[in-house]
1. So, R0 is 35 Å and r is the distance between the beta-carbons of B:Lys123 and A:Lys284; what FRET efficiency does that work out to, to 0.05?
2. Across 5 Å bins from the origin, how do the percents of Cα pairs in region A:234-275 run, short distances first?
3. What Rg and what Dmax come out for region A:53-203 when only alpha-carbon atoms are used, in angstroms?
4. With the contact rule set at Cα under 8 Å and sequence spacing of 6 or more, what percent relative contact order holds for region A:34-158?
5. Where the centre of each part is set by its Cα atoms, how far does region A:49-66 sit from region A:293-340, in angstrom?
6. What translational D, rounded to a whole number of µm²/s, comes out for region A:127-196 from Stokes-Einstein when the hydrodynamic radius is the Kirkwood one over Cα pairs, at 20 °C and 1.002 mPa s?
7. So which aspartates and glutamates pass the test for A:Lys147, namely a Cα distance under 13 Å, with those fewer than 8 places away in the same chain ruled out?
8. By counting other Cβ atoms within 10 Å of each Cβ, how are A:Ile232, A:Ile126 ranked from fewest to most?
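Laboratory data are not the source of any read-out in this text; all were calculated from the coordinates shown. Since the structure is predicted, the reported quantities are computational estimates derived from the model, not experimental observations. Neighbour counts run over all protein chains shown; Cβ positions are idealised from the backbone, glycine included.
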Amino acid sequence: MTTSNNQKIDQLLRHMKQSLAGVHDETGLYALLQPALNFHGPIRYNNRWPWSMTLGGLLLILLLWLLDSGQLNALPPEMLNSLWWLIRPLYQLPFGPWSPFVLLTVIGTWLLLSRYQRLKGLVDAIWHKNLLLDNQLQELSCQPETKAREFERRFCEFNRGNHKRSIDWLCQGHYQGEQHQFDYQLFDFHYVDKHTTTTTDSKGRSHTRTTYTHYHRYGVIMSFGFTRDLNILGYSNSGQRGIKWEPASLDFRKQFKVLAGSEMTAAKFFKPAVVEQLQQLGQKLRKLNLEFNSQAELCLTVADSDFANVPCPLGLEDAQAFLSLLQQQTRLVKLDAALHTIHQLLVYNDNNF
Amino acid sequence: MSSLLVLVILLAAAVLAVIVIHNSIIGRYNATQRAWSDVIAQERQKNKILPSLEQVAAQYSEYEKGLLEKVTALRSALAALSSDTIDTKSLAKAEGHMSEVVKGLNIAVEAYPELKANELFSKLMHEITEQQENIGAAVRIFNRNVELFNTGIEVFPNSMINNMFTHKHRLDTFDDSEASAGFEYKPNF
């Protein structure tokens with residue numbers, strides 16, 4: 001009965017995963033959950049066996065260690081002899097007496113993790129699709145490293161990470177404001193810094209240790225049109241150049257460093273309302289950078305992981321609650337704030353009068 | 001010898017601290033003055049809309065004869081503004097004329113609803129809104145700079161250094177009630 005239930009869950013997850021690829025609208029997404037709603041009982045694996053294997057394996061490893069280290073010598077000699085008689089064949093094994101218990105633990109843990117991952121992976125994929133639909137975004141396929149190189153040719157912002165650079169996720173969106181509308185690309189830029197440190201111990205032996213630090217920057221790229229060669233940096237400089245410029249606001253000076261192609265470019269761009277808008281956005285987002293390149297394109301990047309994604313608060317255990325959650329509109333609030341500010345920057349710089 | 005060295009280091013640190021604090025007060029003062037200049041610069045941006053205002057006024061002068069005179073008065077008031085000297089009376093005068101012009105435009109719209117559909121008029125109103133937003137933002141930035149400057153001269157040990165070397169006095173912010181009264185504010189730089 002238990003095995004059968006786990007198999008049914010496996011089948012259900014496989015079926016939903018296959019159907020998810022064909023979902024293109026909210027109705028399709030809600031229909032995807034129908035088999036989960038019809039499922040008898042909670043969508044939860046029965047993990048009694050994997051848990052037993054893991055814990056049993058760990059207990060036996062502990063017992064073997066206690067016996068080996070003589071910690072159980074206080075036991076009655078008859079019992080101790082019986083235990084030794086029982087475990088003696090294990091010492092004939094080619095990989096040592098621990099190997100079967102380690103294997104048992106590893107298999108149990110692998111089963112637990114793979115089931116957890118299967119369920120969570122599907123929930124995350126459905127939630128991701130829901131976010132795309134709720135925010136009118138369309139996922140674009142790209143070669144992560146190639147795309148990062150392409151972006152790097154256009155913006156200094158992507159000149160980060162000495163080991164690896166990739167665009168892990170890319171999608172297309174459209175913003176419709178009161179006075180301007182624009183298309184934008186939303187991305188997750190992943191870069192890795194590699195550090196190698198060599199230390200020498202007291203005996204003169206040197207040790208080399210390599211560490212990899214992973215970073216993510218999220219942002220949007222769009223065609224701005226009204227200004228070029230201007231960098232507004234709330235985070236570290238990654239090769240942006242220009243004349244240092246400071247607007248009158250002391251708060252703005254604390255938040256951002258401005259590098260402009262010319263003082264005229266900066267003076268024209270930084271109207272008081274623009275300064276205020278950027279200050280407010282800088283308070284909402286972490287490590288905000290804006291780079292206007294020589295083609296008048298804008299690249300806005302931040303460090304907030306919820307800029308392009310919001311973690312799913314529920315799982316598939318309660319399919320009805322999960323469906324209700326999907327039916328609500330989940331906006332990417334920080335993305336909306338950034339797009340609104342970009343729109344205001346367009347309004348204050350359009351000079352269409 | 002070592003105590004003398006410590007004394008010299010302490011003295012050097014004290015002198016350095018005085019220089020840093022003095023410079024920071026001057027920096028904030030200059031930033032506040034610049035913020036005020038931005039308010040004036042935004043005010044003078046109104047010159048951009050004058051030709052369009054005159055065009056609209058001329059179109060409807062048959063009915064709104066006063067509007068053209070108001071635009072002319074605004075032009076003269078803006079010409080009297082100087083970015084070198086802080087003359088809030090002239091600024092208040094310009095703002096007064098501006099509100100008269102806006103009132104005149106509103107009256108014209110009420111009398112002639114087709115004016116709303118006029119592209120030039122719509123652009124004009126949009127520009128006026130944008131200019132007022134920029135003036136509002138410039139005033140808020142100025143006020144915040146004044147606040148930071150005042151804090152910078154009043155906290156210890158800055159107050160001591162200001163009394164001894166920098167000699168700057170507290171500035172007044174431009175509050176909303178004064179703004180609604182039409183730029184009666186006089187910055188005491």
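1. On the way: r = 31 Å, r/R0 = 0.90.
About 0.65, to the nearest 0.05.
2. The percentages, shortest bin first, are 5, 22, 33, 26, 13, 1.
3. Cα only, region A:53-203: 28.2, 90 Å (Rg, Dmax).
4. Numbers: 54 pairs, mean separation 37.6, N = 125.
Rounded, it is 30 percent for region A:34-158.
5. Value for the Cα centre distance between the two parts: 43 Å.
6. 158 µm²/s
7. Cross-link targets: A:Asp168, A:Asp188.
8. On the way: A:Ile232 25, A:Ile126 22.
If I rank by nearby Cβ atoms, fewest first, I get A:Ile126, A:Ile232.
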